[in-house]
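Undergrad: Handing you a structure now.
Values in this text are rule-based calculations from the coordinates and carry no lab data. Note that the coordinates shown come from a computational prediction; the quantities given were computed from them, not determined experimentally. Cβ placement follows ideal geometry from the backbone for every residue including glycine, while neighbour counts extend to all protein chains displayed.
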Amino acid sequence: MDRARLLIIGVTAIAVAACEKVPIVDINAGFSLADVAWFEEEDTLFVFYQANAEQGLGPESQLELTVRTDHFELPWTPLSQLDTVHTHVPVDCGPKSVCGSTSLALAERPRDVRLRLRYHRAGEMTLNAPVALNIIGRGAAHTNRSLLVYGVFDETNTHVQWRARHQFPTLRNHDVQKYGLRRHFSIADRRHGAIAANFGENPYGYGSVQSCPGALPSLDFGPVETTDRAVFDVGTLPLSASESPVVCARSTVTDAKGGTFEAVALARKNPQVRPAFPVLRSPITENTPIKFMLRPCRREISSPHYVMQEQRLFLEDASEICIDNWNAPGFVDELATQFRTRIDQVRTQGRDMVLVLGFHHDDTTGRLGTVLEEALQRVLPFERDKSSPRVTGAFVYDSVAHVVARPELRRLVLWCPPNHTVDDLDEVPVAASSTCPAVSERPDLELGPFRFNQIPILATRAQYLRFIQKYSEAQAGRMTSMSFRAPEHTPLSVNIPIGEFGIATFYNNEILTAEPSDAFSYCPDADKRRIVFRIPSSPAPMGLEVLPELHQLAPQPAYALGLFWDFPFLLKAQYESYLAGSVTAYSFSVPFGIVSSNEETWASGLWTTGEFPMGDTLAQCTRFCDHPTFDSSVTYNVQALFRDAYRVQCYRPMFPRLGDGGFPHDP
């Protein structure tokens, strides 16, 4: 009887003698992994294990195995005494675990496999493992062998990285590597060209053909070999291989049956992808304001309010139009004629224009507003589609809130003040919607005791008078600058209405061309400027998100590209007010249709430039579009073919690079 056993008996006797004083301690011993796989094609039994215990494990602990077949039985044998087929490196799973792997030649199907942990090689205390045994019978190399070999390309599609991938029923590629199994493989006899392989059933193409076709051009590369999971080939593909979709090679792996196994390994090039249309350019220029003040000339309504309107729009030098007889027949014609006459005079300056109208009155029925709408209707729609110089639209600053009734004018006229239903600005909700949304360009702006939408920047007469009564004219502030910006139109420009306010403009015959075999990837996250497209058979504008699917189902040779505008021009202004005893200066925009007045708008910044990048929004694959893809983690997604996987998601690949090591991320 050995010393370890005597010690155990002695401790047990003491515990029995004083069991009421000695606690029983659970050391949480057990196997977290005991997986065994036998591959008939390889005559190899693989064992993977991990045992854990709070106490008792150490350098003298060992794993033991017994195997029985119909004609052979291996008695309990320490794994360290078995001859292995493959290389198994020592693995450290922590001080409370023992783990690792082994492989042994076994020509017959195992009927029983058992594994146990002996806490001390000289002791008799053991722990049996619940073994999971998998039998993989004969079959195709890509499904019925423990290792397959395949190739991938770097970003330039000129360097091949050859990879080995472990294939076990219950363990992933990385797990097998983690438990110490290393496989040797080599690559030789490379050729490039097209291979008629069924990649649907065999996505990696391993062993998909008997040999590389001799008719394919040969690559004069020397052999490469490694025990890492990946190795870059020794050569660079020549220019003559640019059009070749595949590199074919003879791969050799270690094997218990005859020492090695050979099969064809294939490397498919990455999809050749570029920005479909890098940038749209349309000059955004400052428009010349054509100013009018519309007011009663024979009576005074409110001098403070009139002065405020005049100051807000810088109308001190504006042409005055008397509206005392607005009910008279022919008033609309006369008003429209004055607008057109002045427009034709200013047009000779060669710049786009915008009508800027101060509208000072006290009609609360809405009929006077309708009269002004009718006059604008006779002028603006005919200007909108002209080549520059043209009138891009009109900005009306009314004494009362008015909602434009004519649908066509809603796309051309920005009518202020906001349509808030209260006369006290202090009662305006933070998130109030507005037909005249003044949007601060500083979202963190502090305005003393007021919110941004409580300042009477563009208020009704009632709101303004109430404000200065409660506070002061000084606190109501003053406009320091105002400008209007809009895109220029060319003789080829086409406007297409969208929705209640929007316009899609196709400017200068910007087209995206494509072959029927091309494929597209749309990235929703990058679509910050709503670029649209159209095709001859369907002139209605469509969003870019539709283009990949449309081209797949009904490919077009060209797609016309345009921009969607929520409104025809942007008002940008500088304003200052005297709040909390100091002057506060800030910028704001009045950009589009109806938005939340406290919403920060990304679009106002785009009106200051003539460039609209779309390189990150739409990618175009022009070659090898049916090949697998890398993702942003450098993972090779062999089932994610570009044409199918990236129609409505961002294509942001990262590729293996020379010198990046031999253990790629390949789960």
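Undergrad: Taking 0.36 nm per intervening residue step and subtracting the Cα-Cα distance, what contour gain separates Asp220 from Asp426 on full extension?
TA: Between Asp220 and Asp426, full extension yields 66.1 nm more.
Undergrad: Next question. Restrict the search to the range 127-223; then list the trypsin sites (Lys or Arg not before Pro) that DSSP places in a loop and that have at most 11 other Cβ atoms within 10 Å of their Cβ.
TA: Taking the range 127-223 and a limit of 11 other Cβ atoms within 10 Å, the loop trypsin sites (Lys or Arg not before Pro) found are Arg138.
Undergrad: Can you list the HN-Hα couplings for the range 557-564, worked out from phi with the Karplus curve (6.51, -1.76, 1.60; θ = phi - 60°), rounded to whole Hz and with x for Gly and Pro?
TA: Per residue, the Karplus-derived 3J(HN,Hα) values read x, 8, 10, 6, 10, x, 10, 9 Hz.
Undergrad: By its C-alpha gyration tensor, with a ≥ b ≥ c as the square roots of the eigenvalues, how is the range 57-159 shaped: rounded for a/c under 1.5, else prolate for a/b larger than b/c, else oblate?
TA: oblate
Undergrad: Now for a different question. If you fit an axis through the alpha-carbon atoms of helix 331-347 and take the longest principal axis of the Cα set of the chain, what angle between them do you get, 0 to 90°, nearest 10?
TA: Once rounded, the angle reads 70 degrees.
Undergrad: In degrees between 0 and 90, to the nearest 10, how far off the longest principal axis of the chain does helix 3-17 point, with axes built from Cα atoms?
TA: 70
Undergrad: Ok, one more. 7 Å from Cα along Cα→Cβ at both Arg652 and Ser483: what's the point-to-point distance in nm?
TA: Spacing of the two 7 Å Cα→Cβ label points: 3.3 nm.
Undergrad: Another question, if that's okay. In nm, give the distance between the simple-model label positions of Ser632 and Asp362, each being 7 Å from the Cα along the Cα-to-Cβ direction.
TA: Rounded to a tenth, the inter-label distance reads 6.1 nm.
Undergrad: List the lysines whose alpha-carbon lies under 18 Å from that of Lys96, not counting same-chain residues fewer than 8 positions away?
TA: Leaving aside lysines fewer than 8 places away in the same chain, those within reach of Lys96 are Lys178.
Undergrad: Which one is right for this structure if semi-axes √(5λ) of the Cα gyration tensor in Å is calculated from it: [x] 78, 36, 17; [y] 56, 30, 22; [z] 53, 27, 23?
TA: Here the calculated entry is [x].
Undergrad: Counting only residues 5 or more places away or on other chains, whose amide H sits under 5 Å from the amide H of Ala640 once H atoms are built in the peptide plane?
TA: Amide H neighbours of Ala640: Thr629.
Undergrad: Restricting to bridges with both residues inside the chain, how much of the DSSP beta-bridge set is antiparallel, in percent to the nearest 5? Walk me through the numbers on the way to the answer.
TA: On the way: 121 of 149 bridges.
Here the share of antiparallel DSSP bridges comes out near 80 percent.
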